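Undergrad: Got a structure for you, questions after.
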Amino acid sequence: AHRRSKNWCGHCPKCRFVFLALEPFTNKQRLTNIFGRDLLADPSQREGFAELCGLAATKPFECVGEIEESALLMEKLFTTAAWKDDVIVQDLGQKLLQNTKNFDKRYEALFVTKPDHRVPEKYLRIIDACR
């Protein structure tokens, strides 16, 4: 785990999005071990996560997920016992929750494999096993 944490800067939009995107597939301890720390407990990360979730002026130009994906992932963390007390989850989750409609349906749609993709079958099996 220590070696892996050296591969993540923990301060860029890609790191923030990957941190959010991995959460449904792993537990908090493992995720913080991968990154070397809990990005959502660091107040200096607030603006970066707000940008990903559409709560700040601009979305990052880096290759990261869509605003709705990030917002739904953050909202889910707000209702998850292990994450709900992290300072950024508290702040952004509360703001996002106020605007939520059909959350469960939209969140589940994040994990539906679209028919038009180029993911090799061997990787689809791995993804399916994680659900």
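Undergrad: At Q29 and K59, where each label point lies 7 Å from the Cα along Cα→Cβ, what is the point-to-point distance in nanometres?
TA: 3.6 nm
Undergrad: Here is a follow-up. Between E68 and F103, what length comes free when the chain is fully extended (0.36 nm per residue of separation minus the Cα-Cα distance, one decimal in nm)? Please report the intermediate quantities before stating the final value.
TA: Numbers: separation 35, 0.36 × 35 = 12.60 nm, distance 1.09 nm.
Computed gain between E68 and F103 is 11.5 nm.
Undergrad: May I pose another question? Only residues of the range 63-81 count here: report those whose backbone N is under 17 Å from the spot 7 Å along Cα→Cβ of Y123, or say none.
TA: 63-66
Undergrad: Right, next: Please state the charge dipole magnitude for the range 49-131, taken about the Cα centre, from unit charges on C-beta atoms (+1 on K and R, -1 on D and E), reported in debye and rounded to the nearest 20. Intermediate values should be presented prior to the final figure.
TA: Working: 12 positive and 14 negative charges, 53 e Å.
Charge dipole, the range 49-131, about its Cα centre: 260 debye, nearest 20.
Undergrad: At 1.4 Å probe size, put W83, W8 in order of accessible surface, largest to smallest.
TA: Values: W83 5, W8 75 Å².
The residues order as W8, W83, largest area first.
Undergrad: Which option, (i) 127; (ii) 97; (iii) 105, is the value of volume of the Cα convex hull per residue in Å³ that was calculated from these coordinates?
TA: Computed from the coordinates, volume of the Cα convex hull per residue in Å³ corresponds to (i).
Undergrad: Using only alpha carbon pairs under 8 Å that are at least six residues apart, calculate the relative contact order of the range 61-131 and give it in whole percent. Present the calculation step by step, with values, prior to reporting the outcome.
TA: Values: 26 pairs, mean separation 17.9, N = 71.
Taking the mean separation of contacting Cα pairs over the length of the range 61-131, I get 25 percent.
Undergrad: Before anything else, pin down the relative contact order of the chain: Cα pairs under 8 Å, at least 6 apart, normalised by residue count, whole percent.
TA: Values: 121 pairs, mean separation 28.0, N = 131.
RCO, the chain: 21 percent.
Undergrad: Calculate the spin-label point distance for K114 paired with S44, positioning each point 7 Å from the Cα along the beta-carbon direction, and give it in nanometres.
TA: Each label point lies 7 Å from its Cα, and together they span 3.6 nm.
Undergrad: Shifting gears a bit: Given the DSSP H assignment, sum -39500 (n - 2.57) over each helix run of at least 4 residues in the chain and divide by its residue total; what's the result at 222 nm in deg cm²/dmol, nearest 500? Write down the numbers at each step before the final one.
TA: On the way: 8 runs with 69 residues, N = 131.
Rounded to the nearest 500, the figure is -14500 deg cm²/dmol.
Undergrad: For the range 21-73, with only Lys/Arg (+1) and Asp/Glu (-1) charged at the beta-carbon, what is the dipole magnitude about the Cα centre, in debye rounded to 20?
TA: Values: 5 positive and 9 negative charges, 51 e Å.
My answer is approximately 240 debye.
Undergrad: Which residue, I88, W8, A57, has the largest displacement toward the positive end of the dipole of the chain when charges sit on each Cβ (Lys, Arg +1; Asp, Glu -1)?
TA: W8
The values are calculated or read from the model by the stated rules, or taken from the named source; none is laboratory data. The model shown is predicted, which means the values in this text are computed figures rather than measured ones. Glycine gets a Cβ as well: all are built from the backbone with ideal geometry, and neighbour counts include every protein chain shown. What goes into the accessible areas is simple: the full protein's heavy atoms, side chains included, and nothing from ligands, DNA or RNA. Shrake-Rupley method; radii C 1.70, N 1.55, O 1.52, S 1.80 Å.
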